[in-house]
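Before any comments, here is the structure.
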């Protein structure tokens, strides 16, 4: 069979074999340089615009990653009080934090109000009333944007599409219009912003263009009626390349050009909520081959990484490029690449062509910097993997490998019974 040369065995100037030998596998590795470059590409395209980039914390909530984006002047887009806490611990100031999400509890709203987040992206009338109620009880005022659901198909996976009418996110323009008509009734909430986010891993400009045109028309309508709109949050969604030669990410300058064109004449502040785009390509998951298992119809390559470490393939049937971190060229072989978890869904790839592998070989699963470790679990009582940052030839552990004791912290036998 044909042979191919293996990929380079370094990331950001750090030898991956050395990392795996020292820190064991599975191991998440993030390139600081790659994250900085992605941030810089957006900042360059936005030069001359009043804007704020807020990293979608859900993509990768590691405090080392959050501290890095903070150093680059980036804020945070949060969807829980836990993410608020992480962002603040990483040094991100409250005035650079926006609070999104459909299910904010009143306790979470209160926490965010107390630290003074920049604004709330409100997703239902009930939430708007709750925000008013909690703000009044705390004798404080806040700003809010209504999240518009523009009913636009983002041309992405159904489970990460958020801008269709049947999705749970945002409200129709008709409902938002009613909110603004009665906004004088909100004594402690200044409703002065619009927000839209139609989905994730978007690889085409047209969905963005359609959604922004609808938001722009509504903004102009509101201004004509005398409503002040001080910010428009255009969300995130820019895709990355998971499959070489198949996925073609949007150039950030072309994306920003679409935003500028749709919102021409807007003099307020533009907010952006990239997550995957900033960190997805920056991460790899190092994993070793445990064994090869020859089935009747296929050969299984069993890794020490599993669906609990990286859920995307089992959750979304997502493709991730997988390659050996090897030093020689080998003949190509077809494998079903699986993990050790007791689920058929614990499968990273089917009939995937790879250079021939042997037990102990080190592989990398690419483009895992977003929604990798952030979605991990301890299913099958497998401790969470370690995470490490690499930066121009040096490395630092940003999450220690979880011990068994860490994994069961908080658990105990039922000894102290009470009645309720």
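The values are calculated or read from the model by the stated rules, or taken from the named source; none is laboratory data. Computed from a predicted model, the values in this text were never measured in an experiment. Neighbour counts are summed over all protein chains in view; Cβ atoms, including those assigned to glycine, are modelled from backbone coordinates with ideal geometry.
Take residue 107 and tell me if it is under 25 Å from the mean Cα position of the chain (by Cα), modelled with pLDDT of 95 or more and over 17 Å from residue 196 (Cα atoms). When the stated conditions are applied, residue 107 passes them. Residue under question is residue 384, and the condition is that it be at pLDDT 95 or above and part of a loop (DSSP other than H, G, I, E, B); does it hold? Yes. Looking across region 138-170 at every residue that is at pLDDT 95 or above and in contact with a helix residue (DSSP H, G or I) (Cβ under 8 Å, 6 or more places away or on another chain), the one that is surrounded by the most Cβ atoms within 10 Å (Cβ to Cβ) is identified as 146. Looking across 186, 191, one residue alone is at pLDDT 95 or above, under 16 Å from residue 148 (Cβ atoms) and in contact with a helix residue (DSSP H, G or I) (Cβ under 9 Å, 6 or more places away or on another chain). It is 191. Considering (1) modelled with pLDDT under 95; (2) surrounded by 17 or more Cβ atoms within 10 Å (Cβ to Cβ), the lone condition that residue 317 does not fulfil carries the number (2). Among the candidates 292, 303, 315, 310, the residue that is over 26 Å from residue 378 (Cβ atoms) and either in the same structural domain as residue 374 (by TED's automatic domain parsing) or touching a strand residue (DSSP E or B) at 6+ places or on another chain (Cβ under 8 Å) (or both) is uniquely 292. Being exposed (fewer than 12 other Cβ atoms within 10 Å of the Cβ) and touching a strand residue (DSSP E or B) at 6+ places or on another chain (Cβ under 7 Å) narrows it down to one residue among 372, 393, 410; which is it? The conditions single out 393.
Scanning region 204-225 for residues that are at pLDDT 95 or above and part of a loop (DSSP other than H, G, I, E, B) yields a count of 1.
For (1) under 27 Å from residue 138 (Cβ atoms); (2) out of contact with any strand residue (DSSP E or B) (no Cβ under 9 Å at 6 or more places or on another chain), each residue gets a yes or a no:
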{"position": "173", "(1), (2)": "no, no"}
{"position": "176", "(1), (2)": "yes, no"}
{"position": "195", "(1), (2)": "yes, no"}
{"position": "211", "(1), (2)": "no, no"}
{"position": "217", "(1), (2)": "no, yes"}
{"position": "238", "(1), (2)": "no, no"}
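Looking for whichever is assigned to a loop (DSSP other than H, G, I, E, B), surrounded by fewer than 17 Cβ atoms within 10 Å (Cβ to Cβ) and at pLDDT 95 or above here; the options are 359, 274. Which one fits? Answer to the selection: 359. Where helices (runs of 4 or more DSSP H) fall wholly inside region 46-125, the ranges with 3 or more residues that are in contact (Cβ under 8 Å) with a residue 12 or more places away in the chain and more than 20 Å from residue 397 (Cα to Cα) are 81-89, 106-115.
Residue count for region 277-312 under the criterion of being modelled with pLDDT of 95 or more and outside any helix (DSSP H, G or I): the result is 24. Checked against the criterion of being in contact with a helix residue (DSSP H, G or I) (Cβ under 6 Å, 6 or more places away or on another chain) and either buried (at least 17 other Cβ atoms within 10 Å of the Cβ) or in contact (Cβ under 8 Å) with a residue 24 or more places away in the chain (or both), region 13-25 has no qualifying residue. The number of residues in region 241-262 being crowded, with 21+ Cβ neighbours inside 10 Å and in contact with a helix residue (DSSP H, G or I) (Cβ under 6 Å, 6 or more places away or on another chain) comes to 2.
Go through (1) at pLDDT 95 or above; (2) closer than 28 Å to residue 57 by Cα; (3) not in a helix (DSSP H, G or I) for residue 244 and report which single condition fails. Single failed check for residue 244: (1). Among the residues of region 126-148, those identified as outside any helix (DSSP H, G or I) and in contact with a strand residue (DSSP E or B) (Cβ under 8 Å, 6 or more places away or on another chain) are 141, 142, 143, 144, 145, 146, 147, 148.
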